[in-house]
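Visitor: Take a look at the following structure, please.
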Amino acid sequence: MKSNFVMKRQAVVAWLALVAISVMPFSALAQTQIKYHSNKYSVQDDVKLGRQAAQEAEQQFPLLRDEQVRSYVEDVGRRLVNAIPSEFQHPEFQYYFKVVNASDINAFALPGGPMYVNRGMIEAAHTEGEMAGVMAHEISHVALRHGTAQASKGQKYGVLAGIAGIAGTILGGPGVGQLAQAPFAVYLLKFSREYETEADILGAQIMARAGYDPRDLANMFRTLEQQGGGGGGGFLSDHPSPSDRYARINREAQSLRVSAVRNDSRDFARIQERLRGYQRAPTMAEIQRSGQRYPVGESTGNSPNNVPNSVPTGRVEYPSSRYQSYTIFNGGVQVSVPSNWREINDSNSVWFVPEGGYGQYNGQAVYTHGVSFGVAQVSNRDLQSATQELINSLAQGNNNLRTSGGYQRTTLSGRTALFTTLSNVNEATGRPENVRLITTQLRNGQLFYMVAVAPQSERNFESAFQNTLRSIRIND
Ligand SMILES: [Zn+2]
């Protein structure tokens, strides 16, 4: 297949030479025919695997919660999906598009259609066409069923089975740690050069059919190189970058007629402007180091669906003296909290917060009062170093966070734990607050933590926090 393809490419080069000499019309250049590779999996398998991987992805990566940005990206994606040539359309596939709040210039798509576009990629693109180019490339991997085709070759089967087989156990299970070590974003994009070239070519064809200049896909590779995308974590690092990639796409572009040309939309400039208004996004590496579990709401872009789209007032009821018990993390933890706090499930952490004490600020979910629980992936095995590692990762997204005391040894559900007090200035209210952090290690080395937040001036939350802490049962 590969040598076959190389031959075809040489044939095109020969054609080009011929064109230059004899001034043949461009229409003589046929667009490159792409074919499916053999695949042991059914189309339904693609859908199922992609769906499972998408769940893992959304646990691992913070989504940017901004409806304007999301729907804009969705519109561009929809236009591209509608332009997939009929032989590569699968009615079973459900394409959708989400924005990850990460600064790396990257994007990835999962079998069956889920796609994740990094905020950094949107910010780096010079035009909507460049952004659409990366998306068209990724859509092509999906439409050509490259993920399962590659798995069919055998050598990647174990990895694929591993990802698909990860159950929802957050505590104790291999899932989170395994993913952190072998992020499937990298795995899924580690396609052969042949697959990459095919995705470039089909991507260019889809671009043209959708009304974009296919040369914008080529231009994006220049943009990536200029902006250091070839370094760690970028789109180029996931992809073999043959020096002729830019030229190859431009050659293909000569055989393509752009239908119903789109002018660069003003929306693109508006969306970029909007993104520039947010604080710096973390890199994928930072996200991985922190286990992507930011207990302080300010740092997470991954906000739950049921958080009101308004700034928290910070005016809340006293904690009820009645307690309600909850089971969280798929049965891994039991906890009782005041009955007037409600449960909010971020995909990475669980919050219990009173009405008025949570909301959104700057597109991020935040809370002013209450507790949150999470599990962090840490590299340190020693509890104190691991806790410091967690604090460091929190401080990266939050300039106001300060350690205000040492570590105190305590117990949590019968195991050794550390208690630390931090001070912070709440981003949404501007009020100084105390952040209590309690950490303990799970058997698999991950760090389980509870964070309790209340304004420094409000002492009436102390006993509620103590009671909540004492009620925790960890089934590890
Ligand atoms: Zn690719």
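Visitor: Out of the residues in region 429-460 meeting the condition of being without any contact (Cβ under 8 Å) to a residue 60 or more places away in the chain and in a loop (DSSP other than H, G, I, E, B), tell me which one is nearest to the chain's Cα centre (by Cα).
Guide: Step by step, filter region 429-460, then rank; the result is 430.
Visitor: Additional query: Consider only pairs whose beta carbons are under 8 Å apart and that are at least six residues apart or on different chains; among these, list those whose first residue lies in region 123-138 and is closer than 18 Å to residue 273 by Cβ and whose second residue is within 16 Å of the ligand (Cβ to nearest atom) and of a type in the set (Gly, Ala, Ser).
Guide: Here the result reads 124/229, each pair linking region 123-138 to a residue that is within 16 Å of the ligand (Cβ to nearest atom) and of a type in the set (Gly, Ala, Ser).
Visitor: Just to check your reading of the model, which residue among 53, 136, 102 is under 16 Å from the mean Cα position of the chain (by Cα), crowded, with 24+ Cβ neighbours inside 10 Å and part of a helix (DSSP H, G or I)?
Guide: Details: 136 fails: under 16 Å from the mean Cα position of the chain (by Cα); 102 fails: part of a helix (DSSP H, G or I).
That would be 53, the only listed residue that is under 16 Å from the mean Cα position of the chain (by Cα), crowded, with 24+ Cβ neighbours inside 10 Å and part of a helix (DSSP H, G or I).
Visitor: Same structure again: Considering each residue of region 95-115, count those that are touching a strand residue (DSSP E or B) at 6+ places or on another chain (Cβ under 8 Å) and modelled with pLDDT of 90 or more, and give that number.
Guide: 10
Visitor: Between 228, 234, which is touching an Asp or Glu at 6+ places or on another chain (Cβ under 8 Å) and either among the aliphatic types (A, V, I, L, M) or at pLDDT below 85 (or both)? Quick ask: steps written out before the conclusion?
Guide: Values: 228 fails: touching an Asp or Glu at 6+ places or on another chain (Cβ under 8 Å).
When all the criteria are applied, what remains is 234.
Visitor: Please verify whether residue 315 is in a loop (DSSP other than H, G, I, E, B), surrounded by fewer than 19 Cβ atoms within 10 Å (Cβ to Cβ) and of a type in the set (D, E, K, R), treating the condition exactly as stated. Even if it seems obvious, please write down each step before you answer.
Guide: Working: in a loop (DSSP other than H, G, I, E, B): yes; surrounded by fewer than 19 Cβ atoms within 10 Å (Cβ to Cβ): yes; of a type in the set (D, E, K, R): yes.
Answer is yes for this residue.
Visitor: Out of curiosity, is residue 43 out of contact with any strand residue (DSSP E or B) (no Cβ under 9 Å at 6 or more places or on another chain), among the hydrophobic types (A, V, I, L, M, F, W, C) and open to solvent by 30 Å² or more (accessible area, probe 1.4 Å)? Talk me through it step by step, then tell me what you get.
Guide: Details: out of contact with any strand residue (DSSP E or B) (no Cβ under 9 Å at 6 or more places or on another chain): yes; among the hydrophobic types (A, V, I, L, M, F, W, C): yes; open to solvent by 30 Å² or more (accessible area, probe 1.4 Å): yes.
In short, yes.
Visitor: Moving on to the next point. Pick out the one residue from 58, 74 that is modelled with pLDDT under 90 and either open to solvent by less than 20 Å² (accessible area, probe 1.4 Å) or under 24 Å from residue 283 (Cα atoms) (or both).
Guide: Numbers: 74 fails: modelled with pLDDT under 90.
The unique qualifying residue is 58.
Visitor: Something else: Just give me the residues in region 139-150 being within 12 Å of the ligand (Cβ to nearest atom) and crowded, with 24+ Cβ neighbours inside 10 Å, in sequence order. Break it down stepwise before answering.
Guide: Going residue by residue through region 139-150, those that are within 12 Å of the ligand (Cβ to nearest atom) are 139-142, 144, 146-147, 150.
Across region 139-150, the qualifying residues are 139, 140, 141, 142, 146, 147.
The values are calculated or read from the model by the stated rules, or taken from the named source; none is laboratory data. Source: prediction; values computed, not measured. Please note: Cβ atoms are built from the backbone with ideal geometry, for glycine as well, and neighbour counts cover all protein chains shown. Quick note on the areas: whole protein, heavy atoms, side chains included, nothing else; ligands and nucleic acids left out. Shrake-Rupley method; radii C 1.70, N 1.55, O 1.52, S 1.80 Å.
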